[in-house]
Amino acid sequence: MRPVLGIDIGGSGIKGALVDLEKGEFCTDRLRIPTPEKSTPAKVAQVVARIVNSFAAEHDLGDDPVGITIPAVVTHGRTRSAANIDKSWIDAEAEQIFADKLGRRVVLVNDADAAGMAEVQYGAAKGHPGLVIVTTLGTGIGSALIYRGLLVPNTELGHLEIDGRDAESHASAGVKTNEGLKYSEYVPRLQRYYSHLESLFWPDLIVVGGGISRSHHKFLPKLELKTPIIPAELRNRAGIIGAAWLAVDAQSHPDPLG
Ligand code: BGC
């Protein structure tokens with residue numbers, strides 16, 4: 001099978017790589033271009049086009065779709081929310097905007113859904129037969145809910161209201177940095193968050209990703225939960241790998257409402 005291009009749109013960088021979907025690994029270096037200051041759909045699409053063109057110049061992409069992640073709710077190709085990105089994404093026909101700019105088929109997915117599927121296909125939860133929740137702790141909190149390998153998209157569990165607050169505004173890794181919290185101050189916030197998540201969904205496994213998961217030994221062992229909670233394995237490769245995987249998967253399961 002030909003490698004598939006995955007692109008991960010983040011707050012500070014837009015990254016792409018060709019993915020070997022048999023192995024769940026990059027088969028090229030990752031190309032990263034900073035996210036434009038005012039990250040509107042048109043400006044982001046320009047950067048994505050630079051990345052795609054640069055891979056297309058050196059590799060045969062055939063007519064495979066390009067998988068793209070975005071930190072927003074995505075339903076039927078349209079972005080519906082914009083918690084940590086430019087508000088002009090709300091209700092944008094984003095998948096079409098990318099497809100028009102690239103002249104290629106595009107599958108646009110939520111960033112945490114992509115990272116979650118990658119972890120279940122190839123990473124920390126590989127082949128898990130039960131209910132897995134993957135959370136990404138970054139600027140926001142992203143979530144993926146995967147039951148017996150099937151993704152329930154756009155769960156947005158970072159926006160659970162806990163103690164009258166949007167959970168991600170209190171417990172994301174970005175908040176830890178912004179408020180200069182020590183782990184001893186941050187762990188109780190994570191404890192409250194994951195206990196709540198557990199009491200609502202009763203997952204079989206929780207996987208924690210996002211940049212901070214590199215330091216998992218500083219907080220995961222301190223959490224007291226009924227559910228096993230483990231660090232993600234694919235780290236900052238998960239979004240790109242999951243985007244490529246979901247792009248191919250969408251070909252065999254076309255959206256009947258799309
Ligand atoms: C957004 C989600 C996204 C998460 C991680 C949240 O603020 O609402 O869509 O997955 O951040 O980027």
Exercise. Can Ala144 be described as within 11 Å of the ligand (Cβ to nearest atom), outside any loop (DSSP other than H, G, I, E, B) and closer than 24 Å to Leu205 by Cβ?
Worked result: yes
Seminar exercise, completed: Inside the stretch 5-48, the number of residues satisfying the requirement of being in contact (Cβ under 8 Å) with a residue 24 or more places away in the chain, closer than 15 Å to Phe98 by Cβ, away from the ligand (no atom under 16 Å from the Cβ) and in contact with an Asp or Glu (Cβ under 9 Å, 6 or more places away or on another chain) is 4
Problem set entry | Subset of the stretch 169-198 (residues that are assigned to a helix (DSSP H, G or I) and either out of contact with any Leu (no Cβ under 9 Å at 6 or more places or on another chain) or in the same structural domain as Ser81 (by TED's automatic domain parsing) (or both)) | Ser169, His170, Thr177, Asn178, Tyr183, Ser184, Glu185, Tyr186, Pro188, Arg192
Problem set entry | Filter result for the condition that a residue is small (Gly, Ala, Ser), surrounded by 20 or more Cβ atoms within 10 Å (Cβ to Cβ) and more than 16 Å from the ligand (Cβ to nearest atom), over Ala167, Ala114, Ala125 | Ala125
For this session: Taking Val208 as the residue in question, decide whether it is in a helix (DSSP H, G or I), within 15 Å of the ligand (Cβ to nearest atom) and open to solvent by less than 30 Å² (accessible area, probe 1.4 Å).
Result: no
For this session: Report the residue count in the stretch 152-164 for those that are under 26 Å from His76 (Cβ atoms), open to solvent by 40 Å² or more (accessible area, probe 1.4 Å) and either in contact with a Ser or Thr (Cβ under 6 Å, 6 or more places away or on another chain) or not β-branched (Val, Ile, Thr) (or both).
Result: 3
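The values are calculated or read from the model by the stated rules, or taken from the named source; none is laboratory data. Note that this is a predicted model, so its numbers are computed, not measured. A quick note on method: Cβ atoms are made from the backbone with ideal geometry, for glycine too, and the neighbour counts reach across all protein chains shown. Protein only, heavy atoms only, side chains kept; ligands, DNA and RNA dropped before computing areas. Shrake-Rupley method; radii C 1.70, N 1.55, O 1.52, S 1.80 Å.
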